[in-house]
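One structure below.
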Amino acid sequence: MPNYKLTYFNFRGRAEILRYLFAYTNTEFEDHRIEYNDWSAHKDAYPFGKLPVVEIDGTVYYQSLAIGRYLAKKAGLTGKTDLDDLRIDSIIDTIDDFVSLFPWRGDEKEKKAYIDENGCTLLSGLEKELGDHKWFAGEYVTWADLFWDICSDSIEYYQPGFSKDYPKLLSLKKSVKELPEIAAWIKRRPQTPY
């Protein structure tokens, strides 16, 4: 089995999908967190000066969604067909577009304005994609479901009630959190702000 080392900032952020995927497969990894205030001393040591990264047997890989896709394949959390994967990746990229543009360091007014302007489009679109199914792929869980749970939790930290008017998406979050491996991870994970 490969040796994994996950390096990320000392908050959940983009690394949480990777930690969920490791947890889902009960894969041990070295947990290496860097305080954001200390980042300037470490930045040059990482590809493109960004985190998170995963070292697999000493080789560094970067870009959280690329790493996530790799780990999801290993975990059996991708689509059953190429078209399923296309749909799953489209959902993940749509969520990521929204999260990437969220004004994380902005003030409360900026965050609220962003949610007011863009939240309904995202949430209604995702609820439509989910339809009457339990999971985005229909009958089986994929990493798109895990990614929704993580990203919506991050937004909820700043905008409580973000998805309260979307019962299907709330039900999806509940289903993800009830997966035994994810429930166990949530209980034992390091406590960080978001």
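The values are calculated or read from the model by the stated rules, or taken from the named source; none is laboratory data. As the structure is a computational prediction, the values presented were derived from the model and not from experiment. Cβ coordinates were reconstructed from backbone atoms using ideal geometry, including for glycine residues, and neighbour counts include every protein chain displayed. Note: accessible area is taken over every heavy atom of the protein model, side chains too, but ligands, DNA and RNA are not part of it. Shrake-Rupley method; radii C 1.70, N 1.55, O 1.52, S 1.80 Å.
Below is a table of values for the structure above.
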| item | result |
| --- | --- |
| Members of the range 44-81 that are at pLDDT 95 or above and among the acidic types (Asp, Glu) | Glu55, Asp57 |
| Close pairs from the range 158-174: first over 18 Å from Phe147 (Cβ atoms) and without any contact (Cβ under 8 Å) to a residue 40 or more places away in the chain, partner of a type outside the set (D, E, K, R) and open to solvent by less than 80 Å² (accessible area, probe 1.4 Å), Cβ under 9 Å, at least 6 apart | Lys164/Leu170 |
| Residues satisfying the stated conditions in the range 150-194, i.e. assigned to a helix (DSSP H, G or I), open to solvent by less than 30 Å² (accessible area, probe 1.4 Å) and of a type in the set (Ser, Thr, Tyr) | Ser152, Ser154, Ser175 |
| Contacts under 8 angstrom Cβ, first residue in the range 18-46 being without any contact (Cβ under 8 Å) to a residue 60 or more places away in the chain, partner of a type in the set (Ser, Thr, Tyr) and open to solvent by 50 Å² or more (accessible area, probe 1.4 Å), 6 or more apart | Tyr46/Tyr62 |
| Members of the range 15-38 found to be of a type in the set (Asp, Glu) and within 13 Å of Glu55 (Cβ to Cβ), listed by number | Glu30, Asp31 |
| Whichever residue in the range 1-34 is among the polar types (S, T, N, Q), in contact with a helix residue (DSSP H, G or I) (Cβ under 9 Å, 6 or more places away or on another chain) and assigned to a loop (DSSP other than H, G, I, E, B) and, among such residues, is surrounded by the most Cβ atoms within 10 Å (Cβ to Cβ) | Asn10 |
| Residue list for the range 21-48, restricted to those being in contact with a Phe, Trp or Tyr (Cβ under 9 Å, 6 or more places away or on another chain) and farther than 23 Å from Leu146 by Cα | Ile34, Glu35, Tyr36, Trp39, Tyr46, Pro47, Phe48 |
| Residue tally, condition more than 19 Å from Leu21 (Cβ to Cβ) and touching a Leu at 6+ places or on another chain (Cβ under 6 Å), over the range 61-110 | 1 |
| Count - residues of the range 35-81 that are touching a strand residue (DSSP E or B) at 6+ places or on another chain (Cβ under 9 Å), of a type in the set (Ser, Thr, Tyr) and open to solvent by 20 Å² or more (accessible area, probe 1.4 Å) | 5 |
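Matching residues to (1) over 30 Å from Asn26 (Cβ atoms); (2) without any contact (Cβ under 8 Å) to a residue 60 or more places away in the chain; (3) of a type in the set (A, V, I, L, M); (4) in a helix (DSSP H, G or I):
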| position | (1), (2), (3), (4) |
| --- | --- |
| Tyr70 | no, yes, no, yes |
| Asp85 | no, yes, no, yes |
| Ile88 | no, yes, yes, yes |
| Ile91 | no, yes, yes, yes |
| Asp97 | yes, yes, no, yes |
| Glu117 | yes, yes, no, yes |
| Leu126 | no, yes, yes, yes |
| Asp132 | yes, yes, no, no |
| Phe147 | no, no, no, yes |
